[in-house]
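For reference, the structure discussed in these notes is given below.
The values are calculated or read from the model by the stated rules, or taken from the named source; none is laboratory data. The structure displayed is predicted, hence computed values, not measured ones. So basically every Cβ, Gly included, is an ideal-geometry build from the backbone, and we count neighbours across all protein chains shown. Areas reflect the complete protein model, heavy atoms only, side chains present, ligands, DNA and RNA absent. Shrake-Rupley method; radii C 1.70, N 1.55, O 1.52, S 1.80 Å.
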Amino acid sequence: MRHTLRTCHDGLATLRPLLLVILLLSLMPAVAHGQAAAGKVAATDATAELKSWVKGSLGDWVSLYQELHTSPELSLHEKKTAARLAAKLGEMGYEVTTGVGGHGLVALMKNGSGPTLLLRGDMDGLPVVEQTGLPYRSQVKVIGDRGVEVGVMHACGHDVHMTNLLASASFLASHRALWSGTLVVIGQPAEEVGRGAAMMMADGLFKRFPRPDYALALHVEPGLPAGQVGIVSGWAAANVDSVKITIHGRGGHGARPHQANDPVVTAAHLVTALQTLVSRRVDPQAAAVVTVGALHAGTKNNVIPDSAELLLTVRSYADDTRATLLDGIRQLAGDICRSFQCPKPPEVEVSKEYTPAVYNDPELSATAAGVFRRVLGEDAVAEIAPTMGGEDFGRYARRLKIPGLLFRLGAIEPKLMARSKKKGGPPLPSLHSSRFAPDARRALEAGIVATSSLVLQLLPPAQAQ
Ligand SMILES: [Zn+2]
Ligand SMILES: [Zn+2]
């Protein structure tokens, strides 16, 4: 189901500019006043206004966060979450289109000439039974994709991302004099399964809506205290490929191995040989991972099975490293099976649904670091290490060849973090843990200020362009 929500603000946008000004003056004195002051507002004034706006509204955003936290939905099932976001963005004056690539939504605000900026929040939760004990914990249970009941939890902080997105969108909508250009705010489904960005693009994200000049997103970071942000310049998250290898042998009696062809032995050699791809073939300066996460063969100690199956996750940053790994896997599997006289060649299946690496544009990263230091303080901005984790946000900038940035938002209550960092301190729950409990209030305060400030920097008022 796909439909477009239009609000009274969008209706006004089609009227003549003079009428628009008159209507705004009569209906929205606060906004109109802000517009009249356009161009005169120095960055410091804008920051002061933003900070006081965030302080004044933070309680509401924390409530929204808790509501979202209590009612998570699994990847590809984000229907109610998307409807909630769509309604709120519509109330703010955005032109909202739902059903873009599954439950994806696009909220558009055209505000004069200038660049177009895409701001992305992801909406899906995870099949995890929450064990935080928080009063607003999720108690949602659904029948999962495998037909069994699963708990659902926002264990990756996408509820923080959505709240940050809505709050920043709200500030920008109510302070249009501070910026000029076009905002494309998107609620992306299915990030946890690496598909949402591709689904939205396949459904015309960049054809039906304005093509962005920048793409921005954030992700909560359990390695940083709430109140801080982290930036990685350059490669930030990895190419993620899933590979399945099937080795064919010839089954038989465990006491008569000479009459069989044992795929378990072939698989064992292949697992060992695969370790040499990273250690011997990839440039030591390039990052790469080959992990055999599953190895299935056989049913009983005295039965030689017919086949063995290996499931791999393969990670890299650069495209040529990715090619080295995938070509090497095919070659080693083929050659090892040949040397062990397998009755037929192995099948090597590389999943089509791979997640491309996230590359943070160095210039945009430097701009963001400067803005964040100015608005949050020197000590609040950390340079952090890239991860071999995956994030499908990288697809947007990669497709359009535009600067993109996924920055990190500190999520952990600072005292808890300090205690955990002491020698022998208690470990903190990671992302995807059933005990992951971000300090949402502090994180959101920093996140909304950081996000909105960066947007103001990239979409300056028309007079300043
Ligand atoms: Zn996640
Ligand atoms: Zn996530």
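Just to verify a result, which residue in segment 267-319, among those that are surrounded by 12 or more Cβ atoms within 10 Å (Cβ to Cβ) and of a type in the set (D, E), is farthest from Q341 (Cα to Cα)?
Once the filter is applied, the top-ranked residue is E309.
Inside segment 63-90, can you point out the residues that are of a type in the set (G, A, S) and part of a helix (DSSP H, G or I)?
Restricting attention to segment 63-90, the residues satisfying the condition of being of a type in the set (G, A, S) are 63, 71, 75, 82-83, 86-87, 90.
Listed by number, the residues that qualify are S63, A82, A83, A86, A87, G90.
For V128, work out the one condition from (1) within 16 Å of ligand 2 (Cβ to nearest atom); (2) under 27 Å from V449 (Cβ atoms); (3) of a type in the set (V, I, T) it doesn't fulfil.
So the condition that V128 fails would be (2).
Residue check: is S420 among the polar types (S, T, N, Q), touching a Leu at 6+ places or on another chain (Cβ under 8 Å) and surrounded by fewer than 21 Cβ atoms within 10 Å (Cβ to Cβ)? Talk me through it step by step, then tell me what you get.
Numbers: among the polar types (S, T, N, Q): yes; touching a Leu at 6+ places or on another chain (Cβ under 8 Å): yes; surrounded by fewer than 21 Cβ atoms within 10 Å (Cβ to Cβ): yes.
Considered against the rule, which asks whether it is among the polar types (S, T, N, Q), touching a Leu at 6+ places or on another chain (Cβ under 8 Å) and surrounded by fewer than 21 Cβ atoms within 10 Å (Cβ to Cβ), S420 comes out as yes.
Could you grab the pairs with beta carbons closer than 6 Å, sequence gap of 6+ or different chains, first residue in segment 372-389 and closer than 16 Å to G447 by Cβ, second one open to solvent by 30 Å² or more (accessible area, probe 1.4 Å) and in a helix (DSSP H, G or I)?
Matching pairs, first to second residue: V381/R373.
Cβ-Cβ under 9 Å, sequence separation 6+ or interchain: first residue in segment 407-426 and part of a loop (DSSP other than H, G, I, E, B), partner among the small types (G, A, S). Which pairs?
Matching pairs, first to second residue: E413/A226; E413/A437; G425/A418; P426/S420.
Take A255 and tell me if it is touching a residue at least 12 places away in the same chain (Cβ under 8 Å), in contact with a strand residue (DSSP E or B) (Cβ under 7 Å, 6 or more places away or on another chain) and either within 16 Å of ligand 2 (Cβ to nearest atom) or outside any strand (DSSP E or B) (or both). Quick ask: steps written out before the conclusion?
Numbers: touching a residue at least 12 places away in the same chain (Cβ under 8 Å): yes; in contact with a strand residue (DSSP E or B) (Cβ under 7 Å, 6 or more places away or on another chain): no; either within 16 Å of ligand 2 (Cβ to nearest atom) or outside any strand (DSSP E or B) (or both): yes.
When the stated conditions are applied, A255 does not pass them.
In segment 377-406, what residues are assigned to a loop (DSSP other than H, G, I, E, B), of a type in the set (D, E, K, R) and open to solvent by less than 80 Å² (accessible area, probe 1.4 Å)?
Answer for segment 377-406, where residues must be assigned to a loop (DSSP other than H, G, I, E, B), of a type in the set (D, E, K, R) and open to solvent by less than 80 Å² (accessible area, probe 1.4 Å): E391, D392.
Could you tell me which numbered condition R435 fails, if it satisfies all but one of (1) more than 16 Å from ligand 1 (Cβ to nearest atom); (2) surrounded by fewer than 19 Cβ atoms within 10 Å (Cβ to Cβ); (3) at pLDDT 95 or above; (4) closer than 26 Å to P72 by Cβ?
Failing condition for R435: (1).
Which numbered condition trips up V371, out of (1) in contact with a Ser or Thr (Cβ under 8 Å, 6 or more places away or on another chain); (2) surrounded by fewer than 19 Cβ atoms within 10 Å (Cβ to Cβ); (3) closer than 25 Å to L119 by Cβ?
The single condition V371 does not satisfy is (2).
Which one of these is open to solvent by 10 Å² or more (accessible area, probe 1.4 Å), modelled with pLDDT under 95 and within 16 Å of ligand 2 (Cβ to nearest atom): V232, V193?
Details: V232 fails: modelled with pLDDT under 95.
None of the others qualify; the one that does is V193.
Would you check which residues across segment 197-248 are of a type in the set (A, V, I, L, M, F, W, C), more than 19 Å from the chain's Cα centre (by Cα) and in the same structural domain as F436 (by TED's automatic domain parsing) and list them? Walk me through it before giving the result.
From segment 197-248, those of a type in the set (A, V, I, L, M, F, W, C) are 197-202, 205-206, 209, 215-218, 220, 224, 226, 229, 231-232, 235-238, 240, 243, 245, 247; that's our starting set.
Narrowing the set further to residues that are more than 19 Å from the chain's Cα centre (by Cα) leaves 209, 243, 245, 247.
Of everything in segment 197-248, just one residue is of a type in the set (A, V, I, L, M, F, W, C), more than 19 Å from the chain's Cα centre (by Cα) and in the same structural domain as F436 (by TED's automatic domain parsing), namely F209.
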